[in-house]
Amino acid sequence: MSSSGGLGFGGFLVGLGLGWYIFTFLNVTANVFAWLLILAGAAFILSALFMLRQARTSFRRLTNGFVGGVILSLFLTSGIGFMTDLLGGGVAGPYTVEGTRTYSGKIDGNVYLEVNNFNGPVSVSSWAKAEYGIELKIKARGNSQQEAEKNLADFQVNLNENMVQDQKKLVLAYNIASYAQNRYSITVGVFLPARAPTDLKLESSNGAISIEGIRGHSVTVTTTNGGLRLDDVYVDIIRCQTSNGPVTGKLEATDTSIVTSNGKVELTLPCSISGQYVLRTSNGPIGLKVSSSANTGFDLDMSTSNGNVNIDLPSIELSLNTRTAKRARTTGYDVKSIRIAITASTSNGNIDLAK
């Protein structure tokens, strides 16, 4: 084998191995494939512009082999369904069918719920029953009625239920390849016992998440292109992140972090226990209502890029006071029995805090 031929084959093996590793974990879409084409074209252009004439052929063989290996790994790992998506056939057509699946079970003590959803909202709330209830509303699409019905029949739900010490652990996910996810939209509704201390880990894409009437240790929420509603949520730790959606509701925790973009943050904080709140958004205002008593002190750090910061609380000492940024503390903050620390920041929006 010639040296240039060895370079080409070596590049092919490197591209195949690297692509196989990446595409095993990557949600491959037509957009990803477009980026691959852009990167391949850029490599060819660079080889033509910057390599010496003698070395150019060898470099081009190396590049060709690498790109060929990456493309082969894409089809080997993602299957023929990716090509169907790329050509438009895998994107669900005008025909739709709907189905409902329900699950339930007894809960005696603590409960941990994990949901991994896509293309639809997730709601979790409490009820008086000593059991959990889960309802899935599934919409499957296809280019024909028969194809839509087949897609619905192919939809597989994985609900793992087991006990870990004294906690009932529920994990809801779907056995659907990434290239086929755009054929479905799923609405998830979950009911949990009001008296059961609860841990939540909720993930979704292209869907809102709503939580109501939950007590427990932790709430972790991640979604995209959807708002978050947390109403009457009292836990120790809250971690929430979304994009292109607002965050609203009434909540209380000792440690809270909420991040969104292109959406407002509008919350009511009961302030019955000490806590730290970090609230960040962009292109949206932040509005906070707090309960202020003689036993409650506030430590505030608030800033915006384009807007006003307004604080309407009694007995506040300002260490920084500008239109777009304020740092303030309640007089005698260190001796208050309830201490609330709030860090809030946004761009292109006002920040308002009042009791």
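Assigned by TED's automatic domain parsing to the domain that holds VAL247, within 25 Å of GLU252 (Cα to Cα), surrounded by 12 or more Cβ atoms within 10 Å (Cβ to Cβ) and not acidic (Asp, Glu): does that describe THR331? If you could, list the steps in order and put the result at the bottom.
On the way: assigned by TED's automatic domain parsing to the domain that holds VAL247: yes; within 25 Å of GLU252 (Cα to Cα): yes; surrounded by 12 or more Cβ atoms within 10 Å (Cβ to Cβ): no; not acidic (Asp, Glu): yes.
Judged against the criteria, THR331 is not a match.
Is it the case that SER104 is touching a residue at least 60 places away in the same chain (Cβ under 8 Å), assigned by TED's automatic domain parsing to the domain that holds LEU192 and either in a strand (DSSP E or B) or out of contact with any Cys (no Cβ under 6 Å at 6 or more places or on another chain) (or both)? If you could, list the steps in order and put the result at the bottom.
Details: touching a residue at least 60 places away in the same chain (Cβ under 8 Å): no; assigned by TED's automatic domain parsing to the domain that holds LEU192: yes; either in a strand (DSSP E or B) or out of contact with any Cys (no Cβ under 6 Å at 6 or more places or on another chain) (or both): yes.
No: the conditions fail for SER104.
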In the range 259-292, which residues are in contact (Cβ under 8 Å) with a residue 40 or more places away in the chain and either in contact with a His (Cβ under 9 Å, 6 or more places away or on another chain) or not in a strand (DSSP E or B) (or both)? LYS264, CYS271, SER272, ILE273, SER274, THR281, SER282, ASN283, GLY284, PRO285, SER291, SER292
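Can you confirm whether SER218 is out of contact with any Phe, Trp or Tyr (no Cβ under 6 Å at 6 or more places or on another chain), in contact (Cβ under 8 Å) with a residue 40 or more places away in the chain, of a type in the set (S, T, N, Q) and under 29 Å from ALA130 (Cα atoms)? Reasoning before the result, please.
On the way: out of contact with any Phe, Trp or Tyr (no Cβ under 6 Å at 6 or more places or on another chain): yes; in contact (Cβ under 8 Å) with a residue 40 or more places away in the chain: no; of a type in the set (S, T, N, Q): yes; under 29 Å from ALA130 (Cα atoms): yes.
Considered against the rule, which asks whether it is out of contact with any Phe, Trp or Tyr (no Cβ under 6 Å at 6 or more places or on another chain), in contact (Cβ under 8 Å) with a residue 40 or more places away in the chain, of a type in the set (S, T, N, Q) and under 29 Å from ALA130 (Cα atoms), SER218 comes out as no.
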If I filter the range 141-174 down to residues being of a type in the set (Asp, Glu) and farther than 19 Å from TYR112 by Cβ, which single residue comes out as surrounded by the most Cβ atoms within 10 Å (Cβ to Cβ)? GLU147
Output the residue which, of all residues in the range 262-277 that are surrounded by fewer than 17 Cβ atoms within 10 Å (Cβ to Cβ) and at negative phi, is nearest to the chain's Cα centre (by Cα). GLU266
Would you call ARG239 more than 25 Å from ASN350 (Cβ to Cβ) and basic (Lys, Arg)? yes
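The values are calculated or read from the model by the stated rules, or taken from the named source; none is laboratory data. It should be emphasised that the depicted structure is a prediction, and the values quoted were computed from it without experimental measurement. Using ideal geometry, Cβ is built from the backbone for each residue, glycine included, and neighbour counts are taken over all protein chains shown.
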